[in-house]
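Scroll down for the structure; my scribbles are underneath it.
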Amino acid sequence: MDRWLLAAGALAMAVAVGSGAYAAHAARVAAHPDARRLLDTAVLYMLVHGLGILAAGALARSSPSSWLAAAGALHLAGIVLFCGSLWVLALAGRSTGVAPAGGMAFIAGWLCLAVYALVKR
């Protein structure tokens, strides 16, 4: 589990950096008038939650836990749903309607990390 979380977190961070570079140029040809802000927000959330996945993976190295696995999976789901939704809105001008579910996944992921910290022995 720890290797999966570390790999997923590292990939999320790599995609976030590449996305940030792309966003700096794509915002000029995007469908949404506020595309730059939307893309910047997506990249920021991807970076922050990629670090959350890495943290869960690093913790799982010494103390595997279903709470850590859930935290990593929820952060990854949040990245796909929330950040992906912002990208679609910015570049295609359409809302997917799943951004709130992604935000809730982010929150649940952090809560799973908190529970892990409280129940770890």
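The values are calculated or read from the model by the stated rules, or taken from the named source; none is laboratory data. In this text, all values refer to a predicted model and were calculated from it rather than measured experimentally. Ideal geometry is used to build each Cβ from the backbone, glycine not excepted, and the neighbour counts take in all protein chains shown.
For this structure, a couple of remarks:
- Of all the residues in segment 50-76, those that are crowded, with 18+ Cβ neighbours inside 10 Å and within 9 Å of the chain's Cα centre (by Cα) number 6.
- Leading residue by the ranking (modelled with the lowest pLDDT) among those in segment 88-105 that are closer than 21 Å to D40 by Cβ, in a helix (DSSP H, G or I) and out of contact with any Leu (no Cβ under 7 Å at 6 or more places or on another chain): L91
- Residues (surrounded by fewer than 19 Cβ atoms within 10 Å (Cβ to Cβ) and either within 29 Å of L68 (Cβ to Cβ) or acidic (D, E) (or both)) located in segment 81-114: G84, T96, V98, P100, A101, G103, M104, I107, A108, W110, L111, A114
- The selection criterion, being touching a Leu at 6+ places or on another chain (Cβ under 8 Å) and under 17 Å from W110 (Cα atoms), does not hold for A35.
- Condition check for S66 on (1) of a type outside the set (V, I, T); (2) within 22 Å of S19 (Cβ to Cβ); (3) without any contact (Cβ under 8 Å) to a residue 40 or more places away in the chain: one failure, at (2).
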